[in-house]
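Asks: Below: one structure in structure tokens.
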Amino acid sequence: MISNILIVFSVVAASLATVALVRPGGRLADRIVALDVFLASAIALAIAAALATRRAEFLDVGLVLALVGFVATAGWARLVERERPPPPSREEDR
């Protein structure tokens, strides 16, 4: 019982720590990483709920969260890469 409380407390603490990175004014990459960590905390919470209640439905929730998080992170990474300006080209000596 105490281990379940510690797991939930750890997940909530990690979630609150990531809120600071999502604040307006930060870089887009920092926000993406923070949301990814927040999603990992939600997955850990779903797994802890599955272990505490011995119900497999929470594992399905964790699996769906993991899949959605992977696709979202890949999409955001592609968006950030597309918006980055190209590096300056060096003119080679002729």
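The values are calculated or read from the model by the stated rules, or taken from the named source; none is laboratory data. If you're wondering where the values come from, they're calculated on a predicted model, not measured in any experiment. Using ideal geometry, Cβ is built from the backbone for each residue, glycine included, and neighbour counts are taken over all protein chains shown.
Listed here are the residues, each with its yes/no results for (1) within 24 Å of residue 14 (Cβ to Cβ); (2) charged (D, E, K, R); (3) more than 11 Å from the chain's Cα centre (by Cα); (4) modelled with pLDDT of 85 or more.
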| residue | (1), (2), (3), (4) |
| --- | --- |
| 45 | yes, no, yes, no |
| 48 | yes, no, yes, no |
| 55 | yes, yes, yes, yes |
| 59 | yes, no, yes, yes |
| 63 | yes, no, yes, yes |
| 70 | yes, no, no, yes |
| 83 | no, yes, yes, no |
| 87 | no, no, yes, no |
| 92 | no, yes, yes, no |
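Asks: Now for a separate question. In segment 1-12, how many are at pLDDT 75 or above, hydrophobic (A, V, I, L, M, F, W, C) and touching a Ser or Thr at 6+ places or on another chain (Cβ under 9 Å)?
Replies: Here the count works out to 1.
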